[in-house]
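Every number in this text was worked out from the coordinates using simple rules, so none of it is lab data. Note that the structure is a prediction, hence the values are computed from the model and not measured. Reconstructed Cβ throughout: ideal geometry from the backbone, glycine too, with neighbour counts over all protein chains shown.
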Amino acid sequence: MKKLEIIIQPEKLEALKAILDASNVSGIMISNIMGYGTQKGYTQMYRGTKYTVNLLPKVKVETVVTEEIVEAIISKVTEQITTGN
């Protein structure tokens with residue numbers, strides 16, 4: 001058995017769930033997390049004040065699968081869900 005931890009953008013969650021359902025994964029745990037990678041956040045104006053949002057919303061999906069399907073799931077996720085950045 002292997003534990004997979006997949007961190008994705010929130011809008012990619014339905015696509016990930018479809019991949020996991022097609023691979024017969026029986027259970028997942030979803031957590032809302034905050035973080036940043038190469039994008040480093042963004043700057044906004046609010047009531048005349050400029051502020052920087054450093055942490056962006058992410059979704060962490062955890063599941064435990066058999067060793068036989070780990071590589072198949074990883075390859076499907078990297079093909080279909082990767083944003084290219």
Helix-only CD estimate at 222 nm, as mean residue ellipticity for the chain, using -39500 (n - 2.57) per DSSP H run (n ≥ 4): -7500 deg cm²/dmol
Please list, by residue number, every one of the trypsin sites (Lys or Arg not before Pro) in the chain that is coil in DSSP and has at most 10 other beta-carbon atoms within 10 Å. Lys40, Arg47
Name the residues whose placed amide hydrogens come within less than 5 Å of the amide hydrogen of Leu56, ignoring near sequence neighbours (fewer than 5 apart) on the same chain. Gly35, Tyr36
Could you name the lysines whose alpha carbon sits less than 26 Å from that of Lys60, not counting residues in the same chain fewer than 8 places away? Lys2, Lys3, Lys12, Lys17, Lys40, Lys76
